[in-house]
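Peer 1: Please find one structure pasted underneath; my questions will follow.
The values are calculated or read from the model by the stated rules, or taken from the named source; none is laboratory data. Because the structure is predicted, anything quoted here is derived from the model rather than measured. Every residue, glycine as well, gets a Cβ built from its backbone with ideal geometry; the counts of neighbours run over all protein chains shown.
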Amino acid sequence: MTRLFNDPADFPLELIDGFVAAHPDEVMAVPGGVVRATAYDEVAVIVGGGTGHYPAFCGLVGEGVAHAAAMGNIFSSPSAQQAYSVARAADRGHGVVFTFGNYAGDVLHFGEAAERLRADGIPTEIVLVTDDIASAPVGEEHRRRGIAGDLTVFKTLGAAAGEGYDLAETVRVGRHANDRTRSFGVAFAGCTLPGASAPLFTVPEGFMSLGLGIHGEPGISDVPIPPAADLAALLVERVLAERPEGAGDRVAVLLNGLGTVKYEELFVVYATVARILAEAGLAVVSPDVGELCTSLNMAGISLTLFWLDDELERLWTSPSAAPAYRKGAVSATTALSAEERTRLRDRAATPSDASSAPASDASRASGLRVVAALDVLTRTVIDAADELGRIDAVAGDGDHGIGMERGARAALDAARAALAGDSGAGTALARGGTAWADIAGGTSGALWGAALRAIGGRFGDAEAVTAPAVADAILAARDEIARRGGAAIGDKTMMDVLLPYADRVAALDPHDPTAWREAAAQATADAEATRDLVPRLGRARPLAARSVGTPDAGATSLALIITAVTDHVLGDASKENPA
């Protein structure tokens, strides 16, 4: 278990504080993560994801690898604001590359950050890592997760940028590296989050779980633990079976420990890995054996093969000097001055989102009702957090409850602060949405943040919120979530509740409280019906069979919130104005 922490909620920030204090000449903290503390003039490569994976991601910030890392909560993507802030600090006028594992929350948040950077005039591209062969079959590589193979992509991108590649060429070679990378892993025991009393999953004694994820997700199936030589053979067999088309006979090899498998054990396994690869006619180039991408204290290992060509080999073997990853000897670097560090922190600081027009008295009055509804939402989420986490852990990483609670609390606080500053209902919800996404991170954080901002945009700060405005705002939230998330009915997501609920709202008389209550009741039934669905998106997809019989956590939380807020609004407001 994770034993050393203060307040579990502060663990990610305290981790960064300690990391920067330990490496003050190499990295500096900015809002949302860390950036290099040395001078450079090239395309900025920004890696990122949740904390809990050291040396990924902050440990890879340095010469020849990444220029910055955006870091979210434990096993949760950084928010769009965090990624945006870090990129603003890292950019040197040559463009930005975001690179991260292919997880829905990361895709949503980094995607939004990229849109904001482009709007600022900063060219920004994304390179996804999809190396995990266990998470989707051949032909669906675009749906695969990123695990320890992210290092090959990060290193290639950073080396290319360091050689002076422009943005387009840096992206080209990074995507080529991803196409040539394959990984497969096993777990012997799950990890335990700081403050938690039990691991996210367990494996029967004497067994191992095949096809692990790096966010506490269990594997696809459990089999008896074989001798080290047989495990090595299994890993090599699985990865070699997916040799990329046109690949040659030179490979980089990563044998990665997930947190508690010791280096001595890894070397025992690697001895057989190296022999089998040689017997297969493959030449190993600059292998890495050790902890490269962990999952807190998970007991497990993964094998990555990176098929090289001349360009990829040069970039892979080029010197690098990051706190947790060093190859060869880099040339001397110039430390940033104290003034330059201050300028970069200021550049990364969150811009003001103050309303440009004063709110009307009517909108401020509606804002009080909005905050009361957010308070009900927050209390509902807090009460359900443990159960939502339990549901999510069946086939995911178990963080849905705590993420929803964290986001709801932040949204409520931000909305209250906006009203205290004389904003109206629209700005209160918009700031609440931004805070939810920023503090919660993850897929649900991105989608709930977008929903509140969309609702706030419909309400505005000029008019009182009316029943028809509420109906219209719900449709706007549906459209925004659909645009960002891409899920459909039947995918076993929150959309299995939201889409039919929005359709019912569009058809009802907004002044009829009975119709609103019936729509809420059906939302609960729709959430319950997700028990029988097989997930087609998100982290639960690789473990589809395990999730059958359990409702989707996102659908469940949405139905609970719809019901609680509907009961509150109709109990407190008039028939003519249920807002």
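Peer 1: Mind checking which helices (runs of 4 or more DSSP H) fall wholly inside the stretch 454-562 and carry at least 1 residues that are more than 30 Å from Asp132 (Cα to Cα), touching a Leu at 6+ places or on another chain (Cβ under 9 Å) and not basic (Lys, Arg)?
Peer 2: Details: elements: 467-485, 495-507, 513-529, 544-547.
Result: 467-485, 495-507, 513-529.
Peer 1: Across the stretch 217-238, what is the total count of residues that are surrounded by 19 or more Cβ atoms within 10 Å (Cβ to Cβ) and within 30 Å of Gly389 (Cβ to Cβ)? Step through it out loud before you land on a result.
Peer 2: In the first step, residues of the stretch 217-238 are kept if they are surrounded by 19 or more Cβ atoms within 10 Å (Cβ to Cβ); the result is 217-219, 231-232, 235-236, 238.
With within 30 Å of Gly389 (Cβ to Cβ) added as a condition, the list becomes 217-219.
Residues in the stretch 217-238 being surrounded by 19 or more Cβ atoms within 10 Å (Cβ to Cβ) and within 30 Å of Gly389 (Cβ to Cβ): 3 in total.
Peer 1: Just checking, which of Ala420, Ala393, Ala414 is at pLDDT 90 or above and surrounded by 15 or more Cβ atoms within 10 Å (Cβ to Cβ)?
Peer 2: On the way: Ala420 fails: surrounded by 15 or more Cβ atoms within 10 Å (Cβ to Cβ); Ala393 fails: at pLDDT 90 or above.
Testing whether each residue is at pLDDT 90 or above and surrounded by 15 or more Cβ atoms within 10 Å (Cβ to Cβ) leaves just Ala414.
Peer 1: Any chance the stretch 472-492 includes a residue that's closer than 24 Å to Arg536 by Cα and β-branched (Val, Ile, Thr)?
Peer 2: Yes, the stretch 472-492 contains a residue that is closer than 24 Å to Arg536 by Cα and β-branched (Val, Ile, Thr).
Peer 1: For the stretch 1-43: of the residues being in contact with a Lys or Arg (Cβ under 6 Å, 6 or more places away or on another chain) and not acidic (Asp, Glu), which is farthest from Ala83 (Cα to Cα)?
Peer 2: The selected residue is Met28.
Peer 1: Can you tell me how many residues within the stretch 293-334 are farther than 20 Å from His176 by Cβ, of a type in the set (Phe, Trp, Tyr) and assigned by TED's automatic domain parsing to the domain that holds Ala232?
Peer 2: Here the count works out to 0.
Peer 1: Further, regarding this structure: Read through the list (1) in a helix (DSSP H, G or I); (2) touching a Pro at 6+ places or on another chain (Cβ under 7 Å); (3) in the same structural domain as His67 (by TED's automatic domain parsing), then give the number of the only condition that Ile391 fails.
Peer 2: Checking Ile391 against (1) in a helix (DSSP H, G or I); (2) touching a Pro at 6+ places or on another chain (Cβ under 7 Å); (3) in the same structural domain as His67 (by TED's automatic domain parsing), the one that fails is (3).
Peer 1: Considering only the stretch 179-201, I want to know if a residue exists there that is assigned to a helix (DSSP H, G or I), assigned by TED's automatic domain parsing to the domain that holds Lys262 and either at negative phi or modelled with pLDDT under 95 (or both). Please lay out each step first, then the result.
Peer 2: Here is the first cut: in the stretch 179-201, the ones assigned to a helix (DSSP H, G or I) are 179.
Filter once more, so that each one left must be assigned by TED's automatic domain parsing to the domain that holds Lys262: 179.
Filter once more, so that each one left must be either at negative phi or modelled with pLDDT under 95 (or both): 179.
Checked the stretch 179-201: at least one residue is assigned to a helix (DSSP H, G or I), assigned by TED's automatic domain parsing to the domain that holds Lys262 and either at negative phi or modelled with pLDDT under 95 (or both).
Peer 1: So if I check each of Asp288, Asp249, Asp222, which one is of a type in the set (Asp, Glu) and either touching a Gly at 6+ places or on another chain (Cβ under 8 Å) or not assigned by TED's automatic domain parsing to the domain that holds Glu313 (or both)? Show your work before the answer.
Peer 2: Working: Asp288 fails: either touching a Gly at 6+ places or on another chain (Cβ under 8 Å) or not assigned by TED's automatic domain parsing to the domain that holds Glu313 (or both); Asp222 fails: either touching a Gly at 6+ places or on another chain (Cβ under 8 Å) or not assigned by TED's automatic domain parsing to the domain that holds Glu313 (or both).
Going through Asp288, Asp249, Asp222 in turn, just one is of a type in the set (Asp, Glu) and either touching a Gly at 6+ places or on another chain (Cβ under 8 Å) or not assigned by TED's automatic domain parsing to the domain that holds Glu313 (or both): Asp249.
Peer 1: Within the stretch 369-379, does at least one residue satisfy the condition of being in a loop (DSSP other than H, G, I, E, B) and more than 18 Å from Gln82 (Cβ to Cβ)?
Peer 2: The answer is no, given that none of the residues of the stretch 369-379 is in a loop (DSSP other than H, G, I, E, B) and more than 18 Å from Gln82 (Cβ to Cβ).
Peer 1: Looking at the stretch 309-353 only, could you name the residues that are surrounded by 13 or more Cβ atoms within 10 Å (Cβ to Cβ), under 29 Å from Ser79 (Cα atoms) and among the hydroxyl-bearing types (Ser, Thr, Tyr)?
Peer 2: Ser320, Tyr325, Thr350
Peer 1: Now, a different point. Looking only at the stretch 101-110, decide whether some residue is touching a strand residue (DSSP E or B) at 6+ places or on another chain (Cβ under 7 Å) and either outside the structural domain of Gly185 (by TED's automatic domain parsing) or aliphatic (A, V, I, L, M) (or both). Can you show your working first?
Peer 2: The first filter runs over the stretch 101-110 and keeps only residues touching a strand residue (DSSP E or B) at 6+ places or on another chain (Cβ under 7 Å), leaving 101-102, 106, 110.
Checking which are either outside the structural domain of Gly185 (by TED's automatic domain parsing) or aliphatic (A, V, I, L, M) (or both) leaves us with none.
No, there is no match, as no residue in the stretch 101-110 is touching a strand residue (DSSP E or B) at 6+ places or on another chain (Cβ under 7 Å) and either outside the structural domain of Gly185 (by TED's automatic domain parsing) or aliphatic (A, V, I, L, M) (or both).
Peer 1: I'd like the full set of residues that are assigned to a loop (DSSP other than H, G, I, E, B) and under 26 Å from the mean Cα position of the chain (by Cα), limited to the stretch 408-446.
Peer 2: First, the residues of the stretch 408-446 that are assigned to a loop (DSSP other than H, G, I, E, B): 421-424, 441.
Listed by number, the list holds a single entry, Gly441.
Peer 1: OK, next. Go through the stretch 74-119 residue by residue and tally those that are over 24 Å from Tyr40 (Cβ atoms) and assigned to a loop (DSSP other than H, G, I, E, B).
Peer 2: Adding up the residues that qualify gives 6.
Peer 1: Would you mind telling me which numbered condition in (1) surrounded by 23 or more Cβ atoms within 10 Å (Cβ to Cβ); (2) of a type in the set (Asp, Glu); (3) under 20 Å from the mean Cα position of the chain (by Cα) Asp491 fails?
Peer 2: The failed condition is (1).
Peer 1: Mind checking which residues of the stretch 121-142 are surrounded by fewer than 20 Cβ atoms within 10 Å (Cβ to Cβ), at pLDDT below 95 and out of contact with any Ser or Thr (no Cβ under 7 Å at 6 or more places or on another chain)?
Peer 2: Residues satisfying the conditions are Ala136, Pro137, Val138, Gly139, Glu140.
Peer 1: Here is a follow-up. Identify all residues within the stretch 1-32 that are over 15 Å from Pro323 (Cα atoms) and outside any helix (DSSP H, G or I); write none if there are none.
Peer 2: First pass over the stretch 1-32, keeping only residues over 15 Å from Pro323 (Cα atoms): 1-14, 30-32.
Within the stretch 1-32, Met1, Thr2, Arg3, Leu4, Phe5, Asn6, Asp7, Val30, Pro31, Gly32 qualify.
Peer 1: Here's something else I'd like to know. Return the only residue of Asp496, Asp472 being at pLDDT 95 or above, surrounded by fewer than 24 Cβ atoms within 10 Å (Cβ to Cβ) and not aliphatic (A, V, I, L, M).
Peer 2: Numbers: Asp496 fails: surrounded by fewer than 24 Cβ atoms within 10 Å (Cβ to Cβ).
Sole residue among the options that is at pLDDT 95 or above, surrounded by fewer than 24 Cβ atoms within 10 Å (Cβ to Cβ) and not aliphatic (A, V, I, L, M): Asp472.
Peer 1: Looking at Ala177, Ala159, which is the one that is surrounded by 24 or more Cβ atoms within 10 Å (Cβ to Cβ), more than 29 Å from Glu237 (Cβ to Cβ) and in contact with a helix residue (DSSP H, G or I) (Cβ under 6 Å, 6 or more places away or on another chain)?
Peer 2: On the way: Ala177 fails: more than 29 Å from Glu237 (Cβ to Cβ).
Matching residue, one of Ala177, Ala159: Ala159.
Peer 1: So is Ala69 surrounded by 24 or more Cβ atoms within 10 Å (Cβ to Cβ) and without any contact (Cβ under 8 Å) to a residue 40 or more places away in the chain or not?
Peer 2: Details: surrounded by 24 or more Cβ atoms within 10 Å (Cβ to Cβ): yes; without any contact (Cβ under 8 Å) to a residue 40 or more places away in the chain: yes.
Taking the combined requirement at face value, the residue satisfies it.
Peer 1: Here's something else I'd like to know. With respect to Asp7, is the statement that it is more than 25 Å from Thr260 (Cα to Cα) and surrounded by fewer than 19 Cβ atoms within 10 Å (Cβ to Cβ) true?
Peer 2: Details: more than 25 Å from Thr260 (Cα to Cα): no; surrounded by fewer than 19 Cβ atoms within 10 Å (Cβ to Cβ): yes.
Spelling it out, it is not the case that Asp7 is more than 25 Å from Thr260 (Cα to Cα) and surrounded by fewer than 19 Cβ atoms within 10 Å (Cβ to Cβ).
Peer 1: Another one. Among residues belonging to the stretch 41-58 that are touching a residue at least 60 places away in the same chain (Cβ under 8 Å) and surrounded by fewer than 24 Cβ atoms within 10 Å (Cβ to Cβ), point out the one that is nearest to Gly328 (Cα to Cα).
Peer 2: Pro55
Peer 1: Follow-up. Can you tell me which residues in the stretch 550-571 are surrounded by fewer than 24 Cβ atoms within 10 Å (Cβ to Cβ) and acidic (Asp, Glu)?
Peer 2: Hit for the stretch 550-571 is Asp567, nothing else.
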